[in-house]
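Engineer: Below: one structure in structure tokens.
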Amino acid sequence: MYFNDSNIISPMQAFVGGVGVGGVGQVQQMQDRLLGWNIPPEHSDLVHPYWRGFLAPGKFWHIGLSLIYFMLMCLSIVGNGCVVWIFSTSKSLRTPSNMFVINLAIFDLIMMLDMPMFLINSYLERPMGWELGCDLYAAFGSISGIGSAINNAAIAFDRYKTISCPIDGRLNGKQAAVIIALTWFWTMPFTLLPMFRIWGRFVPEGFLTTCSFDFLTEDQDTRVFVGSIFVWSYAIPMALIVLCYSQLIGSVRKHEKMLHDQAKKMNVKSLQSNQDKERSVEMRIAKVAFTIFFLFVCSWTPYGIVAMTATFGNRDALTPFSTMLPALFAKTVSCIDPWIYAINHPRYRLELQKRCKWMGIHEPEPTHDNTSAVTEKITTDEA
């Protein structure tokens with residue numbers, strides 16, 4: 001849209017270098033307000049031309065996001081730090097199944113490493129360290145995001161094995177360690193390949209204060225890369241999680257039907273045993289794990305939609321603001337995870353009450369042993 005007022009010039013005129021009635025000086029002033037205005041020529045290829053067509057956000061946007069990220073950083077340090085500390089040092093919580101909980105907290109802490117960098121980027125209104133800083137920021141996000149996805153799949157598999165086969169199906173320490181090593185291996189391909197420009201690359205996005213993989217370059221190589229990382233980091237873990245939880249639900253329903261039929265034959269109300277009570281506790285823990293998975297889907301699905309839309313759809317629908325929100329959601333869930341455990345895990349709450357009295361937690365002591373054999377029970381050699 002063009003204006004007749006001699007003091008106003010459209011952003012598109014400024015961007016393409018058009019000269020309006022206000023003169024060259026006003027064009028330069030408007031150019032300074034476009035995204036990428038503070039990127040020097042030697043680093044100009046760091047910013048995709050698509051972003052240069054948008055006006056740079058005002059400082060209040062950077063200040064507001066910085067405050068949010070600072071609060072998230074504090075939540076992540078306290079929450080995930082407590083999870084790693086307590087789950088790894090408490091005998092009643094140091095079990096094979098809870099090794100996956102610790103691993104998830106470590107992945108979330110890696111996501112937290114992006115937040116101090118974001119605060120500096122917001123102050124500078126550009127990526128700190130240029131290419132190197134952008135690569136580090138995106139690499140931390142890649143490791144955390146892909147690692148959390150596949151670790152949620154590992155937790156779902158562990159819940160399925162524990163509840164469906166409570167006697168001989170539970171994972172031991174060595175098996176859990178191997179699976180955890182595989183989760184870290186899973187994060188490497190699509191972290192190292194773009195970081196070293198072997199396939200794909202990491203670039204700034206949105207307000208140019210966050211970085212992710214390049215999904216805007218219009219060539220076949222980029223399309224194949226984006227499709228591959230979507231399948232690797234999102235579709236495959238989601239399919240594994242859905243498979244494990246669906247098998248778990250089917251196993252629980254089959255077990256309950258068997259107990260109901262047997263009780264009916266014996267003319268009793270219930271055949272619930274101590275093992276069934278233990279199974280009930282395991283189910284509650286499975287519900288916590290499923291809640292974590294649900295939050296993960298809610299936080300990373302918008303990001304996947306943005307990337308797929310930019311690569312295969314109508315990218316005109318994307319704006320700097322619309323790409324900053326999914327990045328914020330992804331950071332938020334990494335800070336919420338540990339507090340979900342704090343709310344729903346009685347033994348963890350007891351440990352928090354003992355060690356972190358300043359949190360003001362008041363969890364009643366259990367009157368009898370109804371704790372989970374997998375996540376609560378002290379193993380024979382530890383007793």
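Engineer: Could you please find all residues in segment 165-194 being surrounded by fewer than 18 Cβ atoms within 10 Å (Cβ to Cβ), small (Gly, Ala, Ser) and not in a loop (DSSP other than H, G, I, E, B)?
Structural biologist: 173, 177, 181
Engineer: Would you pick out the residues in segment 183-215 that are within 30 Å of residue 95 (Cβ to Cβ) and in contact (Cβ under 8 Å) with a residue 12 or more places away in the chain?
Structural biologist: So in segment 183-215, the residues within 30 Å of residue 95 (Cβ to Cβ) come out as 183-188, 191.
Scanning segment 183-215 gives 183, 184, 186, 187, 191.
Engineer: Within segment 164-201, track down each residue that is under 18 Å from the mean Cα position of the chain (by Cα) and of a type in the set (Phe, Trp, Tyr).
Structural biologist: Selection gives 184, 185, 186, 190.
Engineer: Looking at segment 254-271, is at least one residue modelled with pLDDT of 75 or more, in a helix (DSSP H, G or I) and more than 24 Å from the chain's Cα centre (by Cα)? Lay out the reasoning, then the answer.
Structural biologist: The initial filter retains those residues of segment 254-271 that are modelled with pLDDT of 75 or more, namely 254.
Remaining after also requiring in a helix (DSSP H, G or I): 254.
Imposing the further condition that a residue be more than 24 Å from the chain's Cα centre (by Cα) reduces the set to 254.
Yes, segment 254-271 has at least one match.
Engineer: Shifting gears a bit: If only one of 75, 55, 104 is modelled with pLDDT under 95, within 16 Å of the chain's Cα centre (by Cα) and surrounded by fewer than 22 Cβ atoms within 10 Å (Cβ to Cβ), which one is it?
Structural biologist: Numbers: 55 fails: within 16 Å of the chain's Cα centre (by Cα); 104 fails: surrounded by fewer than 22 Cβ atoms within 10 Å (Cβ to Cβ).
None of the other options fit; the residue is 75.
Engineer: Something else about it: Out of the residues in segment 30-50 that are in a loop (DSSP other than H, G, I, E, B), in contact (Cβ under 8 Å) with a residue 40 or more places away in the chain and more than 28 Å from the chain's Cα centre (by Cα), state the one that is surrounded by the most Cβ atoms within 10 Å (Cβ to Cβ). Give the derivation first.
Structural biologist: So in segment 30-50, the residues in a loop (DSSP other than H, G, I, E, B) come out as 32-33, 35-40, 47-50.
Applying the additional criterion that residues be in contact (Cβ under 8 Å) with a residue 40 or more places away in the chain yields 35-36, 38-39, 47-48, 50.
Keeping just the survivors that are more than 28 Å from the chain's Cα centre (by Cα) gives 38-39.
Numbers: 38: 11, 39: 19.
If we take residues in segment 30-50 being in a loop (DSSP other than H, G, I, E, B), in contact (Cβ under 8 Å) with a residue 40 or more places away in the chain and more than 28 Å from the chain's Cα centre (by Cα), then 39 is surrounded by the most Cβ atoms within 10 Å (Cβ to Cβ).
Engineer: Do you know which of the residues in segment 332-348 that are more than 16 Å from the chain's Cα centre (by Cα) and modelled with pLDDT of 80 or more is surrounded by the fewest Cβ atoms within 10 Å (Cβ to Cβ)?
Structural biologist: By that ranking, first place goes to 347.
Engineer: Counting only residues that are part of a helix (DSSP H, G or I) and of a type outside the set (D, E, K, R), how many does segment 199-251 have? Reasoning before the result, please.
Structural biologist: Here is the first cut: in segment 199-251, the residues part of a helix (DSSP H, G or I) are 220-251.
Next cut, of a type outside the set (D, E, K, R) only: 220, 222, 224-251.
Total meeting the criteria: 30.
Engineer: Moving to a separate point now. For residue 161, are the conditions met, namely being of a type outside the set (Asp, Glu) and either under 20 Å from the mean Cα position of the chain (by Cα) or assigned to a loop (DSSP other than H, G, I, E, B) (or both)? Before you say what the answer is, go through the steps one by one.
Structural biologist: Values: of a type outside the set (Asp, Glu): yes; either under 20 Å from the mean Cα position of the chain (by Cα) or assigned to a loop (DSSP other than H, G, I, E, B) (or both): no.
So residue 161 fails the test.
The values are calculated or read from the model by the stated rules, or taken from the named source; none is laboratory data. If you're wondering where the values come from, they're calculated on a predicted model, not measured in any experiment. Note that each Cβ is placed from the backbone with ideal geometry, even for glycine, and that neighbours are counted across all protein chains shown.
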